[in-house]
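The values are calculated or read from the model by the stated rules, or taken from the named source; none is laboratory data. Since the structure is predicted, the reported quantities are computational estimates derived from the model, not experimental observations. Here the Cβ positions follow ideal geometry from the backbone for every residue, glycine too, while neighbour counts run over all protein chains shown.
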Amino acid sequence: MIGEFGYKGETWRVAAHGIAGREEVFIVHLEQDGTVGSETSIDRMTEPNDSNAPLEDIITMLCDRLVAERGLTVTDLTGPFAWRESDTKHEVHHGIPA
């Protein structure tokens, strides 16, 4: 899956693949001008995490970690997670496009 979402008043992009609870998840922060900024990832198969947590929880954890590690300034500290419509969104399950 590739998709864009809003969180803490910012725009982000996620690429995640694998089975639920065992995904590789890549997060990038999209700058105001649309360019790709800081990024981070987790391999839920090999790195410590709650494999029962919903993907959205892992995504927000990665965003929070990236904000802290890179000292990113967000526009809304209480801005909720919400998927956004995007030309880059693709749903893939077991290698077969949905």
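Of all residues in segment 39-79, those being surrounded by 12 or more Cβ atoms within 10 Å (Cβ to Cβ), of a type in the set (S, T, Y) and closer than 15 Å to F5 by Cα number 1.
If we scan segment 71-85, do we find a residue that is within 15 Å of H17 (Cβ to Cβ) and either modelled with pLDDT of 95 or more or of a type outside the set (F, W, Y) (or both)? Checked against the condition, which is being within 15 Å of H17 (Cβ to Cβ) and either modelled with pLDDT of 95 or more or of a type outside the set (F, W, Y) (or both), segment 71-85 yields no hits at all. Would you be able to say whether some residue in segment 21-29 is without any contact (Cβ under 8 Å) to a residue 24 or more places away in the chain and under 9 Å from the mean Cα position of the chain (by Cα)? Within segment 21-29, one or more residues are without any contact (Cβ under 8 Å) to a residue 24 or more places away in the chain and under 9 Å from the mean Cα position of the chain (by Cα). On the stretch given as segment 9-48, residues that are of a type in the set (A, V, I, L, M, F, W, C) and in a loop (DSSP other than H, G, I, E, B) total 3. Yes or no: segment 15-24 includes at least one residue that is surrounded by 15 or more Cβ atoms within 10 Å (Cβ to Cβ) and within 19 Å of A68 (Cβ to Cβ). The answer is no; no qualifying residue exists. Per this entry, G21 is not counted among residues that are at pLDDT 95 or above, of a type outside the set (D, E, K, R) and out of contact with any strand residue (DSSP E or B) (no Cβ under 8 Å at 6 or more places or on another chain).
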